[in-house]
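Take this structure first; my questions come after.
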Amino acid sequence: MTDASTSRLEGPIRSIGVVYREHTPEALAVIERLRVWGVEHEVAVTVEEDAGRGPGPSLDLSENPVDLVVALGGDGTFLRASRIVVGTDVPVLGVNLGRLGFLTAIPDSYLEGGLHQVLSGTAVVDHRFWLRAVIETKDGVRGQSFFALNDVVVHTLGAARVTPLTLSVGGDGDMEEVGSFAADGVILSTPTGSTAYSMSAGGPIIAPEVEAVVITPICPHSLAVRPLVVSAQRVICVASLDPDADHQVTIDGQVVHHLEPGEKVIVAREERPLALVRLPGQSFFMTLRRKLNWAARPPERT
């Protein structure tokens, strides 16, 4: 059974794009297994060049469309692969070659078996929403957009010190100031990212199907400031109250943008979601128990 946030992965799958973690020793061997599997099942396999180290997109889906993107690595590789498919309906399957692999669906030992389930139509797609972060200048001009599957973080640059930030929430053009606080920064997280940086900073864990955004201050200099959960339909604005502060925006822990004085960060839910592939029988709560040891029972006394 699936709910409103899930669906069956419908084929056909005739082409696969591969994104991989460069410094993982077993990655090249797994890529070779993928190539062999592709020949056996008449599926074209395209591997990104130089593990995405070039200035352009590692897989250009507009020129070379694929039916599925496979990410070989850990959660960082999955996040990088997910940004490649922004604006498309191409699903992403994570194969765990890393340590935690919270977002990945299968271990590399089950690569062929997992791909068989994908081809047979038994795999499931979770629809996970993005956050779109837009930088607004002090003159009110909106510029570059960034997409985050996990989180958008506004924080100080350089020496560790608190900075005064102001937070507003509302509809686009109709914002209400929530309040101001001094902190190292603030994390705006999706439910997908609630088990990442936000959780480490004391934020709540949110189930993936919940339409909400978690606002988690980083080391706030006040006992009165706590994480806040708001509707994903709200627009969130983060600005600095210090005209001389040196801030930056970090997207999913990977993409960094320096904020100029007076610039604001406007964050809203992106309507077109990511299609995250998982196998039947896997669930968010099972992953929470296995990967993060959440509420694990202590060993029985003997």
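The values are calculated or read from the model by the stated rules, or taken from the named source; none is laboratory data. Computed from a predicted structure; not experimentally measured. Using ideal geometry, Cβ is built from the backbone for each residue, glycine included, and neighbour counts are taken over all protein chains shown.
I'm trying to understand the selection: among the residues of region 6-29, which are of a type in the set (Val, Ile, Thr), surrounded by 20 or more Cβ atoms within 10 Å (Cβ to Cβ) and under 20 Å from Gly101 (Cα atoms)?
Within region 6-29, Val18, Val19 qualify.
Determine whether Leu292 is at pLDDT below 90 and in contact with a helix residue (DSSP H, G or I) (Cβ under 9 Å, 6 or more places away or on another chain). So that I can check it myself, show each step before the final result.
Values: at pLDDT below 90: yes; in contact with a helix residue (DSSP H, G or I) (Cβ under 9 Å, 6 or more places away or on another chain): yes.
Here the answer is yes, as Leu292 does meet what is asked.
Let me ask another. Which members of region 98-144 meet the condition of being farther than 28 Å from Glu270 by Cβ and either of a type outside the set (Gly, Ala, Ser) or surrounded by 21 or more Cβ atoms within 10 Å (Cβ to Cβ) (or both)?
Within region 98-144, the first condition is being farther than 28 Å from Glu270 by Cβ, and the residues that meet it are 99, 107-113, 115-117, 119-120, 122.
Across region 98-144, the qualifying residues are Arg99, Pro107, Asp108, Tyr110, Leu111, Glu112, Leu115, His116, Gln117, Leu119, Thr122.
With the structure loaded, tell me whether Ile215 is under 18 Å from the mean Cα position of the chain (by Cα), buried (at least 18 other Cβ atoms within 10 Å of the Cβ) and under 23 Å from Val85 (Cα atoms) or whether it fails that test. Explain how you work it out, then say what you get.
Working: under 18 Å from the mean Cα position of the chain (by Cα): yes; buried (at least 18 other Cβ atoms within 10 Å of the Cβ): yes; under 23 Å from Val85 (Cα atoms): no.
The answer is no for Ile215.
Further question: Can you report the number of residues in region 170-190 which are in contact with a strand residue (DSSP E or B) (Cβ under 8 Å, 6 or more places away or on another chain), more than 22 Å from Thr156 (Cβ to Cβ) and part of a strand (DSSP E or B)?
4
In addition: Condition test on Gly262, is it closer than 30 Å to Gly179 by Cα and part of a loop (DSSP other than H, G, I, E, B)? Talk me through it step by step, then tell me what you get.
Details: closer than 30 Å to Gly179 by Cα: yes; part of a loop (DSSP other than H, G, I, E, B): yes.
Taking the combined requirement at face value, the residue satisfies it.
Go through (1) touching a residue at least 60 places away in the same chain (Cβ under 8 Å); (2) surrounded by fewer than 19 Cβ atoms within 10 Å (Cβ to Cβ); (3) of a type outside the set (Asp, Glu) one by one and return the number of the condition Pro243 breaks.
It fails just one condition, (1).
Right, Ala81: at pLDDT below 95, under 23 Å from Glu10 (Cα atoms), assigned to a helix (DSSP H, G or I) and of a type outside the set (Lys, Arg) or not?
Yes, satisfied.
When you look at Thr88, is it in a loop (DSSP other than H, G, I, E, B) and more than 19 Å from the chain's Cα centre (by Cα), yes or no?
Working: in a loop (DSSP other than H, G, I, E, B): yes; more than 19 Å from the chain's Cα centre (by Cα): no.
Judged against the criteria, Thr88 is not a match.
Kindly provide the set of residues from region 146-189 that are surrounded by fewer than 17 Cβ atoms within 10 Å (Cβ to Cβ), on the phi < 0 side of the Ramachandran plot, out of contact with any Asp or Glu (no Cβ under 8 Å at 6 or more places or on another chain) and free of Cβ contacts under 8 Å to residues at least 40 places away in the same chain, ordered by number.
Matches in region 146-189: Ala159, Asp174, Glu176, Glu177.
Scanning for something touching a helix residue (DSSP H, G or I) at 6+ places or on another chain (Cβ under 6 Å) and assigned to a strand (DSSP E or B), does region 95-105 turn up at least one residue?
Yes, there is a match, as at least one residue in region 95-105 is touching a helix residue (DSSP H, G or I) at 6+ places or on another chain (Cβ under 6 Å) and assigned to a strand (DSSP E or B).
Since Val70 meets every condition but one in (1) modelled with pLDDT of 85 or more; (2) surrounded by fewer than 14 Cβ atoms within 10 Å (Cβ to Cβ), which condition does it not meet?
Result: Val70 passes all but (2).
OK, next. Of the residues that make up region 116-126, is at least one free of Cβ contacts under 8 Å to residues at least 60 places away in the same chain and either more than 16 Å from the chain's Cα centre (by Cα) or in a loop (DSSP other than H, G, I, E, B) (or both)? It would help to see each step written out before you state the result.
We begin by selecting, within region 116-126, every residue free of Cβ contacts under 8 Å to residues at least 60 places away in the same chain; these are 116, 120.
Restricting the remaining residues to those that are either more than 16 Å from the chain's Cα centre (by Cα) or in a loop (DSSP other than H, G, I, E, B) (or both) gives 116, 120.
Yes; the residues of region 116-126 include at least one that is free of Cβ contacts under 8 Å to residues at least 60 places away in the same chain and either more than 16 Å from the chain's Cα centre (by Cα) or in a loop (DSSP other than H, G, I, E, B) (or both).
Let me ask something else about it. Determine if region 257-276 includes at least one residue that is touching a Gly at 6+ places or on another chain (Cβ under 9 Å), over 30 Å from Arg8 (Cα atoms), buried (at least 21 other Cβ atoms within 10 Å of the Cβ) and among the β-branched types (Val, Ile, Thr).
No, because not a single residue in region 257-276 is touching a Gly at 6+ places or on another chain (Cβ under 9 Å), over 30 Å from Arg8 (Cα atoms), buried (at least 21 other Cβ atoms within 10 Å of the Cβ) and among the β-branched types (Val, Ile, Thr).
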